[in-house]
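See below for the structure under consideration.
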Amino acid sequence: MKIAKLELFRVAPRWQFLKIETDEGLSGWGEPIVEGRAETTAAAVEELSDYLIGKDPRNIEDLFQVMYRGGFIAGARAQQCDIRH
């Protein structure tokens, strides 16, 4: 089984959903969003799509590690930090 397609859906005012489809007809949904950063997370999904398409979606930990070490997930997490003095 391989990831065949990633499709983003933006829902006003602030939600975004990702449909992941496989070459075997299975699909799954996720919510790639950082509050107030829908365009940023959409760009990250677009950047990662070339890497993810063709990969086995069951290798969740491997895919996560590549995305995390590549800075995409860490960058999104940094945007969520609440820094107080």
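The numbers here are math on the coordinates, done by the rules we state, and not lab data. From a predicted model like this one, the values you see are computed outputs, not experimental measurements. Cβ coordinates were reconstructed from backbone atoms using ideal geometry, including for glycine residues, and neighbour counts include every protein chain displayed.
Fewest to most neighbouring Cβ within 10 Å: what's the order for 27, 49?
Going from sparsest to densest Cβ surroundings: 27, 49.
Order of 9, 17 from fewest to most other C-beta atoms within 10 Å?
Least to most surrounded, the residues fall as 9, 17.
Take the alpha carbon atoms of the range 43-64, find their center, do the same for the range 3-21, and report the distance between the two centers in whole angstrom.
Between the Cα centres of the range 43-64 and the range 3-21 lies a distance of 14 Å.
Which of the GluC sites (Glu not before Pro) across the range 1-65 are loop residues per DSSP, with 12 or fewer other Cβ within 10 Å?
When the GluC sites (Glu not before Pro) of the range 1-65 are filtered for loop state and at most 12 Cβ neighbours within 10 Å, 24, 35 remain.
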